[in-house]
Amino acid sequence: MSDEPQILPPLPPAPESPRVFLVVVDDTQEMQLALYYACLRARRTGGRVALLEVLEPGEFQHWMSVGDLMREEARQEAERHLQRLAGQVNELLGAYPILYLREGNRRDELLDLIDEDHSISILILGANTSGGGPGPLVSALTGKFLSNLRIPLTLVPDNLSEEQLASIA
């Protein structure tokens with residue numbers, strides 16, 4: 001046994017529950033790459049993928065009955081979108097993801113979910129690398145809301161190929 005001091009404390013035992021990789025879904029190409037990366041990481045680590053879709057309520061501020069109809073149609077479309085993505089995850093991972101559908105501000109709902117569900121281990125977001133910036137959610141979470149995260153954040157730039165992602169996953 002060496003008398004040299006340890007630089008780092010020993011690692012705690014591996015958790016018994018699988019690591020959960022959360023992806024916030026939308027219709028962007030960068031989200032598709034983030035989802036692909038999350039599936040690769042989950043497959044290689046024995047983890048799971050979770051998908052969060054958030055309906056922004058500002059879209060439904062019309063007359064009450066019209067707003068209710070629009071909200072219901074948007075919810076049905078969001079459910080179909082989540083089911084399509086769940087099928088993609090199942091094809092890549094061999095398991096269906098955990099699905100979350102919420103209504104509210106995307107950033108706030110995401111932070112609330114992470115605080116509520118302690119099985120979520122890592123947040124994976126796609127980042128736009130074109131001149132438009134990385135996106136409002138990435139900007140918020142890497143800016144003043146970074147201190148609100150209790151888990152690591154992985155950003156997947158949209159200029160990486162699937163082959164490049166596979167080599168680093």
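The values are calculated or read from the model by the stated rules, or taken from the named source; none is laboratory data. Just so you know, these numbers come straight off a predicted model, no measurement behind them. FYI the Cβ positions are ideal-geometry reconstructions off the backbone, even for glycines, and counts take in every protein chain you see.
What the table shows:
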item	result
Criterion violated by A127 - all others in (1) within 13 Å of the chain's Cα centre (by Cα); (2) farther than 18 Å from R48 by Cα; (3) loosely packed, with under 15 Cβ neighbours inside 10 Å satisfied	(3)
Contacts under 8 angstrom Cβ, first residue in segment 137-151 being over 19 Å from A34 (Cβ atoms), partner modelled with pLDDT of 95 or more, 6 or more apart	N148/L111; R150/I114; R150/D115
Pairs where the first residue, in segment 72-85, is in contact (Cβ under 8 Å) with a residue 24 or more places away in the chain and the second is part of a helix (DSSP H, G or I) and of a type in the set (A, V, I, L, M), C-beta under 7 Å, 6+ apart	L85/L35
Those helices (runs of 4 or more DSSP H) lying entirely in segment 89-169 with at least 1 residues touching an Asp or Glu at 6+ places or on another chain (Cβ under 8 Å) and basic (K, R)	106-116
Answer residue from segment 26-55, given it is outside any helix (DSSP H, G or I) and at pLDDT 95 or above and is surrounded by the fewest Cβ atoms within 10 Å (Cβ to Cβ) among those	G47
Members of segment 82-103 that are out of contact with any helix residue (DSSP H, G or I) (no Cβ under 9 Å at 6 or more places or on another chain), of a type in the set (A, V, I, L, M) and under 23 Å from R44 (Cβ atoms)	A86, I98
